[in-house]
Each structure stands twice: as C-alpha cells, then as structure tokens.
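One structure below.
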Amino acid sequence: MGNQQIREALHGLKPALLMVVVQFVFTGVNVLYKLAANDGMNLKVIVAYRLVFATAFILPLALFIERKSRRKLTWTILFQAFLCGLFGASLPQNLYLESLVLTSATLASAMTNLIPAITFFLAVIFRLEKLNFGTPGGKAKVLGSLLGVGGALILTFYKGVDINIWSTHVDLLHRDHQHNNMASSHDAAAGSGNHVLGCLLAVASSACFSVWFIIQAKMSEKYPCYYSSTALMSIMATIQTLIFALCTVRDWSQWKLGWNIRLLTVAYSGTMASGSEITFLLLCIKLVFSKSLENVP
C-alpha cells in the first residue's frame, strides 16, 4: 500500500471514528430522555433547556477559539443558520422526544438508521454525492440504504416480546413501587395504540436531520468555522424552542430544575450532545462531503 492510499484510508477513518463517539454520546441522551419523560418533565421544556445549555457551553468556546479565524457573517449565513437550527435541532428533537415517549429508547434510536438512507437520497438529488451504481462503492451505498429502510420498517410494524435478563434494582427516579406499577400499566395500554405513531414521528425526525446535513454542507462551504457554526445553530434553535415552549407550556412548575434527573438530562444533552456532538458532526460533514464533491463532475 502506497503513501497516497494510506493517507486516503486515514482520511476516511477520521469521520468514522468521530461518528462512533457521537453514537456513544447519543446513547446516553436516549436513556436520560426516557427517564426525564417518565419523571413527568414536559418534552418541549426538555428541548428548550437542552439548547439553552448547549448555547451557554459552545458560545464562549466559539468566541475564544475562532476569534481570529472567524469569517464575516452575512444574511445568507444567518438564514442558513436559522434553517440549521430548525431542521437540525428544534424540530427533530421535539419529534424525536414524542416518539421516544410513545415507543422506547431502543426503538427510537434504531429508527435513526434511516438518516444515512435519506441523506444519501437527498445528496444525490442536490449533486453533493454521485450515485455510481456501476461501481462496488455505489452498490454498497444503495444496498446499505435499503437495509436501513428495511430494518426501520420491521421495527415499525413488528413489536416482539420483552426480554428481561436481570434487574439492577436501581431507581433513578426515586418513585414508589405503586407508582411504578401504575406507570407500567399506563405505558402498556398506551403503547399498543401509539406504537406506529411513535415510529412515524421518529421517521420525520430522521428526515429533518437529513435535510439539516444538506443545508449544513452548503453552509460549511462559505462558513467553515465549526464552533461558530454550532453556536449560531444553537442560538437560532434556542430562540425557536423557547418561543414554542413558552407559548404551549403555561405550567411554570414544569420549568423548575433541581438536583435530580431533569437537571442531569438537560445538562448532559446540552453540553455533550448539542455542544460537542454537533461540532463533531460538522467536522464529519466537512470531511465526507468535501471528499464526495471531488468526485462530482
């Protein structure tokens, strides 16, 4: 293997490793989301607080790290940041949380396997990716997309039996046994009727993320500042989700945070997921699409 081939292999390995880190962070978010929702925290408030924490985390970093390299803002970039905030944060997160409550953390996260397929389809349409169906790489992309869609359809229309391997006897919500039994009965009754709806919401959330990837790829061409892009996106999404939550959630007790699972959920998801994770995703988008654009005539 020559030096050029080694460099190309390492170039392709970087986004793969970053995406592995993203998936680990995403797993923790799913579990905490489900716990906070089971604790009675309003879903819209969760999303709003998450983005507030994200903005407070990433904005100082962007101002400091890219203080000398940051490019000038234009109205086009601001509009793209608004769309990124809408399709990459506020809208998909609200849809995803609704699907998480109606289904389960495992199923909702599994439905994100649709994101590569939808993104690949949109990338081909907008000429960010070349199909190349006659090549092994092109066939692998199409086959992988079909497998992702097929797996999502199976999870949507089939619900198997619960598998209880062991019990840890750990209750992060600190609820009594009677409350847990009532909640389990309620979830079982509601789950049968809302399972498909929850899956459809997860599909809609995945579609929003795919649209965000396309918009972000365009934005990164003119504004390749990863921390500043994340900060702009977080600011826009924070404004959107706060307005939406304040107009729909009038119970102010829902906005109270204490030293409990609610604070842990919004702090972790805001700093780790919407802060560092989105920065990693922007870097992956830059690495992947910049390589793809080299092959597009």
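Just to verify a result, which residue in segment 220-261, among those that are among the small types (Gly, Ala, Ser) and assigned to a helix (DSSP H, G or I), is farthest from the chain's Cα centre (by Cα)? For segment 220-261, the residue satisfying everything is SER253. The C-beta contact set for segment 109-131 (first residue without any contact (Cβ under 8 Å) to a residue 24 or more places away in the chain and within 15 Å of VAL142 (Cα to Cα), second residue part of a loop (DSSP other than H, G, I, E, B) and among the aliphatic types (A, V, I, L, M), distance under 7 angstrom, 6+ apart or interchain) comprises VAL124/LEU131. Looking only at residues of segment 64-81 that are under 24 Å from the mean Cα position of the chain (by Cα) and not β-branched (Val, Ile, Thr), we find that the one that is surrounded by the most Cβ atoms within 10 Å (Cβ to Cβ) is ALA81. Of everything in segment 24-53, what is modelled with pLDDT under 90 and within 10 Å of GLY270 (Cα to Cα)? Give them in sequence order. Once the filter is applied, which keeps residues that are modelled with pLDDT under 90 and within 10 Å of GLY270 (Cα to Cα), segment 24-53 yields only VAL29. Within segment 249-271, which residues are in contact (Cβ under 8 Å) with a residue 24 or more places away in the chain, of a type in the set (D, E, K, R) and surrounded by fewer than 18 Cβ atoms within 10 Å (Cβ to Cβ)? ASP251, the sole residue that qualifies. Can you pull out every residue in segment 198-212 that is more than 9 Å from ALA108 (Cβ to Cβ) and of a type in the set (A, V, I, L, M, F, W, C)? Correct list: LEU200, VAL203, ALA204, ALA207, CYS208, PHE209, VAL211, TRP212.
The values are calculated or read from the model by the stated rules, or taken from the named source; none is laboratory data. Here the structure is a predicted model, which is why all the values come from computation and not from measurement. Reconstructed Cβ throughout: ideal geometry from the backbone, glycine too, with neighbour counts over all protein chains shown.
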